[in-house]
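Please read the structure below before turning to the comments.
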Amino acid sequence: MILFISLIGHAQPKYEFRGVWIATVDNIDWPSKGNFDSESQKSEFIRQLEMHKKNGMNAVIVQVRPAADAFFPSQYEPWSEWLTGKQGQPPASYYDPLAFMIEETHKRGMEFHAWCNPYRAVFKISQSTISPTHITKIHPEWFLNYGDTKYFDPGNKDVQAYVTEVIRDMVHRYDIDAVHFDDYFYPYRIGTREFPDENSFKKYGAGMSRDDWRRSNVDSIIIKLSNAIKKEKKFCKFGISPFGVWRNKDRDTLGSDTRAGQTNYDDLFADILLWLRNGWIDYVAPQIYWEFELKVAPYGVLLDWWSRYSY
């Protein structure tokens, strides 16, 4: 769990946002590994809420779609293996975890932000057991392997429509305060290996450079999601928690005085500043994990840089 208070958006909130991430992938934070008992899961979550409330938090960002799966009943995606021990299997003592978590969070006067991973489909290809109803089984042509992870192909138009519909359906059915994405857009580079999207690039590239095309793909899904969320519920926010460096100054005069090995713009193909400028997202909570003394990406330099880009 990682606390953060830095929040930037095109409209400043009327109160301080103090949130905490609760990661469910691989049972990092909740539910505890091997705990598939519904009542015990509920008790664990309430204990976490009470702790965070006591520590002054006013929001929780809970991972409810870690790998094209769900911590709630979904017509599109199977139950998460990290909830029940087997992907596609509902809780033995049935309950709706998302509805439960929202209710308990709101009881305590806190916001509930539903954290979803847009493109990750299989967490570890070598270890994960995939349900027959998982989207990778239904539409294998939509996916690309990179390292030991399977990803949706961001350049595939059907993928963009599918992911948008999954999120829209969740917003429609649940009283969430925000949809939250983290830093996983195009994957972090693995050495010199190229993400294998050449077929989609040939089909959809339309004369753009590969990098510009990739950025346009991420822009496209951000616009689609923003429109879908606001159409369902105008009050529901759309927030991003990106990697801590947008771009280095040596590549762009607007960039930060950093020397990060990878950046949002050049490697993850996420143009956060464009999204903020155009009002496609409501807030940004950058992942500035580094200490003040780190020469390639000092905390103070990045905090000041991000604070200058609110719209």
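Quick notes on this one:
- Gyration tensor verdict on the range 81-195 (Cα atoms; rounded if a/c is under 1.5, prolate if a/b is larger than b/c, oblate otherwise): prolate
- Taken one residue at a time, the phi angles of the range 99-113 give Karplus couplings (6.51, -1.76, 1.60, θ = phi - 60°) of 4, 4, 5, 4, 4, 5, 5, 5, 4, 9, x, 10, 8, 10, 9 Hz. Gly and Pro are set to x.
- Residue-wise HN-Hα coupling along the range 28-38, computed from phi with Karplus coefficients 6.51, -1.76, 1.60 (Hz; x: Gly, Pro): 4, 10, 7, x, 4, 4, x, 8, 10, 8, 4
- Between Trp21 and Ile2, Ile61, the built amide H atoms are under 5 Å apart, and every one of these is 5 or more places off in sequence or on another chain.
- Filter on Lys202/Lys230; Lys137/Lys157; Lys86/Lys224 - keep pairs with C-alpha separation over 24 Å: Lys202/Lys230; Lys86/Lys224
- Shown for the chain is the translational diffusion coefficient from the Stokes-Einstein equation, using the Kirkwood radius over Cα pairs, a temperature of 10 °C and a viscosity of 1.306 mPa s: 79 µm²/s.
- Base-10 log of normalised Debye intensity for the range 13-136 (one unit scatterer per alpha-carbon) at q = 0.23 Å⁻¹: -1.40
- Most positive-pole-ward Cα, Gly191, Ala161, Val171, against dipole of the range 131-233 from beta carbon charges: Ala161
- Highest-MSF residue in the chain out of Leu225, Leu98, Leu294 [GNM, Cα springs under 10 Å]: Leu294
- 5 angstrom amide H check on Ala121, placed H, neighbours 5+ away: Lys150, Tyr151, Phe152
- For Gln87, the residues 5 or more places off, or on other chains, whose built amide H falls under 5 Å of its own are Glu81.
- Considering only GluC sites (Glu not before Pro) in DSSP loops that have at most 12 other Cβ atoms within 10 Å, the longest stretch of the chain without any of them is 17-193.
- Between Tyr76 and Asp175, full extension at 0.36 nm per residue minus the direct alpha carbon distance yields a gain of 33.7 nm.
- Separation in nanometres of the label points that stand 7 Å from Cα toward Cβ, at Asp26 and Gln127: 0.6
- Of the trypsin sites (Lys or Arg not before Pro) in the range 177-243, those whose Cβ has at most 13 other Cβ within 10 Å and which sit in DSSP loop: Lys234
- Pairwise FRET efficiency - Ser209 versus Ser40, Cβ, R0 = 51 Å, nearest 0.05: 0.45
- For the range 150-166, backbone phi angles converted through the Karplus equation (6.51, -1.76, 1.60; θ = phi - 60°) give residue-by-residue couplings of 9, 10, 4, 7, x, x, 7, 5, 5, 4, 4, 5, 5, 4, 4, 5, 4 Hz, Gly and Pro being listed as x.
- Dipole magnitude for the chain: computed about the Cα centre from +1 point charges on Lys and Arg Cβ and -1 point charges on Asp and Glu Cβ, it is near 440 debye.
- Inter-probe distance in nm under a simple model that places probes 7 Å from Cα toward Cβ, at Lys14 and Phe235: 1.2
- Pairs over the 26 Å Cα-Cα cut-off, from the set Lys14/Lys42; Lys107/Lys234; Lys150/Lys237: Lys14/Lys42; Lys150/Lys237.
- Within the chain, helix-based [θ] at 222 nm, where runs of 4 or more DSSP H residues each add -39,500 (n - 2.57), nearest 500: -9500 deg cm²/dmol
- Of the residues Val245, Val296, Val62, the one that moves most in a GNM of the chain with alpha-carbon contacts below 10 Å is Val296.
- DSSP-defined antiparallel bridges as percent of all bridges, the chain, nearest 5: 30
Each value in this text was obtained by applying a stated rule to the coordinates, not by laboratory testing. Here the structure is a predicted model, which means the values were calculated and not measured. Heads up, the Cβs are rebuilt from the backbone with ideal geometry, glycines too, and the neighbour counts pull from every protein chain shown.
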